[in-house]
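J.: Below are the structure tokens for one structure; questions will follow.
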Amino acid sequence: MEYFNTLEFAQSLDEADPLSYLRDEFLFPEINGKTALYFTGNSLGLQPIKTGEYINEELESWKQLGVEGHFKGKRPWFHYHKFSKETLSKITGAKPGEVVAMNNLTTNLHLLMVSFYRPDTSRYKIIMEGGAFPSDMYLVETQVRYHGFDPGDAIIEIKPREGEYCLRNEDIIDIIRQNAESTALVLFSGVQYYTGQFFNIQAIARAAHDAGAYAGFDLAHAVGNVTLNLHDDEVDFAAWCSYKYLNSGPGNTAGIFVHENHGRRTGLPRFGGWWGHDEQKRFMMEKGFIPMEGADGWQLSNVNVLSTAAHLASLAIFDKAGIKHLRAKSVNLTGFLAFIINEAGSDQISIITPANPEERGCQLSLVIHQNAKDVFDYLTRNGVVVDWREPDVIRVAAVPLYNTYEDVYRFGVLLRNALTLLPAEDEL
Ligand SMILES: *Cc1c(COP(=O)(O)O)cnc(C)c1O
């Protein structure tokens, strides 16, 4: 698509956008009495207007039904983990039985490692991207130590080539091949939190399997953002959080995927709890753990209903919009964002996120060559919510659910002002 740097052009794209109505389903923060230009859905998605209603329905059930709410009411709590399956399966390209919402992300990764990181003295290494999200680094470090290995030896981090920010797919595949004998697990993010690079999940999973290793993915920045085909790509396991692009609220319930090939292996080692136990026999309170088939068999506890209600409120919007339509809009919107950023100052800014739409989601990471922190502060003072990552990176995410082309245009005006340090606070 050919883009133009004018307000009229941006507004014409919004008018032609069949998803533009979705913006009204969200609540926006205000800064200095004006609606914020919110570009931080990669960190915390906005609150859907209906979230309060969904939570209140459960408070009402609790009030009116007490313990009976487990089996009565609009959404009986006993079955609560099932209500998100259909939508989560569409978002992740999975079968409903392969996904379940539970716990928090890092917790879930540890639980999945119990089943999928089973090192022995010859095959014990974990291959991951260099500069992974800190929680993932600590996850891997402590798992390796827990099994009695030395992180310095057992963890292979793939770094970008000299002078580059992103990883090349061929380098990832080569390193997996080179370590085929000793690798137990390849653990990657889907979309890299810092650079915004969308990795080739299918290629990485294949290479891991060719090496005789499992392939797991942390989809924190991928879920609700890019097209995922976890089942067909034969990913072994994955986990995500729901407060970034899934807009479920701070720290809210996370989710897991376990490929049905493994979901059927009820003998696979795991940690058990009553919610992962055979549903028909759950209340017999007998000895002998019999895991449910599918992802459900990794659940431990009964569902945190009040917060999961917020998750359902947001998933209902995804259902209405359709993940494919969202992704189609996202590609255009992010294309426009990249264009606008280059218009604002291509000599002063480098976009380190890949230019190819197939290798990125809706986040662009900008390196600002001079006065980076001043630029960030200027944007913040002027009602733009973006985020700062040391030493000189600003992350900007144009989320197709609630960001408009006009938002992007206005961001460009402020960015240009920030770069030229014009005091144009009242221009908009
Ligand atoms: C956001 C994020 C997390 C956060 O982990 P929690 O367990 O939800 O606190 C972990 N990993 C990645 C890659 C993330 O982007």
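J.: Please give the number of the condition residue 194 fails out of (1) over 24 Å from residue 87 (Cβ atoms); (2) in contact (Cβ under 8 Å) with a residue 40 or more places away in the chain; (3) buried (at least 23 other Cβ atoms within 10 Å of the Cβ).
T.: (3)
J.: Here are some residues: 342, 302. Which one is on the phi < 0 side of the Ramachandran plot and out of contact with any helix residue (DSSP H, G or I) (no Cβ under 9 Å at 6 or more places or on another chain)?
T.: The conditions single out 342.
J.: If you go through region 351-375, how many residues are modelled with pLDDT of 95 or more and of a type outside the set (A, V, I, L, M)?
T.: Matching residues across region 351-375 total 11.
J.: Moving on to the next point. Looking at (1) open to solvent by 50 Å² or more (accessible area, probe 1.4 Å); (2) closer than 27 Å to residue 224 by Cβ, which is the only condition residue 376 fails?
T.: (1)
J.: Within the set of pairs 6+ apart or on separate chains, which have a first residue in region 106-124 that is of a type in the set (Gly, Ala, Ser), a second that is within 16 Å of the ligand (Cβ to nearest atom), and C-beta atoms under 9 Å apart?
T.: 115/237; 115/298
J.: Can I ask one more? Which condition does residue 328 not pass, out of (1) surrounded by fewer than 20 Cβ atoms within 10 Å (Cβ to Cβ); (2) touching a residue at least 12 places away in the same chain (Cβ under 8 Å), if it passes all the others?
T.: It fails just one condition, (2).
J.: Next question, about the same structure. How many of the residues making up region 216-262 are over 23 Å from residue 40 (Cα atoms) and either among the hydroxyl-bearing types (Ser, Thr, Tyr) or out of contact with any Phe, Trp or Tyr (no Cβ under 8 Å at 6 or more places or on another chain) (or both)?
T.: Residues that pass the stated criteria total 7.
J.: How many residues are farther than 16 Å from residue 197 by Cα and either in contact (Cβ under 8 Å) with a residue 40 or more places away in the chain or touching a Cys at 6+ places or on another chain (Cβ under 6 Å) (or both) when one looks only at region 338-360?
T.: Qualifying residue count, region 338-360: 8.
Conditions (1) surrounded by fewer than 20 Cβ atoms within 10 Å (Cβ to Cβ); (2) closer than 25 Å to residue 49 by Cα, marked per residue:
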residue: 341; (1), (2): no, no
residue: 366; (1), (2): no, no
residue: 381; (1), (2): yes, no
residue: 399; (1), (2): no, yes
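J.: In addition: Counting just the residues of region 276-297 that are in contact (Cβ under 8 Å) with a residue 40 or more places away in the chain and touching a helix residue (DSSP H, G or I) at 6+ places or on another chain (Cβ under 6 Å), which one comes out surrounded by the fewest Cβ atoms within 10 Å (Cβ to Cβ)?
T.: My answer is 293.
J.: Write out, first by first residue and then by second, each pair whose Cβ atoms fall under 6 Å of each other, whose residues are 6+ apart or on separate chains, and whose first residue, in region 62-85, is closer than 20 Å to residue 279 by Cα while the second is aromatic (Phe, Trp, Tyr) and exposed (fewer than 12 other Cβ atoms within 10 Å of the Cβ).
T.: So the pair list comes out as 78/71.
J.: In region 133-150, which residues are touching a residue at least 40 places away in the same chain (Cβ under 8 Å) and of a type in the set (Phe, Trp, Tyr)?
T.: Answer for region 133-150, where residues must be touching a residue at least 40 places away in the same chain (Cβ under 8 Å) and of a type in the set (Phe, Trp, Tyr): just 133.
J.: Looking only at region 160-192, which residues are closer than 18 Å to residue 118 by Cβ, in contact with a Lys or Arg (Cβ under 9 Å, 6 or more places away or on another chain) and not in a loop (DSSP other than H, G, I, E, B)?
T.: 183, 184, 185
J.: Does region 393-415 include one or more residues that are closer than 30 Å to residue 323 by Cβ, among the aliphatic types (A, V, I, L, M) and free of Cβ contacts under 8 Å to residues at least 40 places away in the same chain?
T.: Within region 393-415 (the criterion being closer than 30 Å to residue 323 by Cβ, among the aliphatic types (A, V, I, L, M) and free of Cβ contacts under 8 Å to residues at least 40 places away in the same chain), the answer is yes, since at least one residue qualifies.
The values are calculated or read from the model by the stated rules, or taken from the named source; none is laboratory data. Fair warning: this is a prediction, and the values are worked out from it, not measured in the lab. Neighbour counts run over all protein chains shown; Cβ positions are idealised from the backbone, glycine included. In case anyone asks, the SASA skips ligands and DNA or RNA and just uses the protein heavy atoms, side chains included. Shrake-Rupley method; radii C 1.70, N 1.55, O 1.52, S 1.80 Å.
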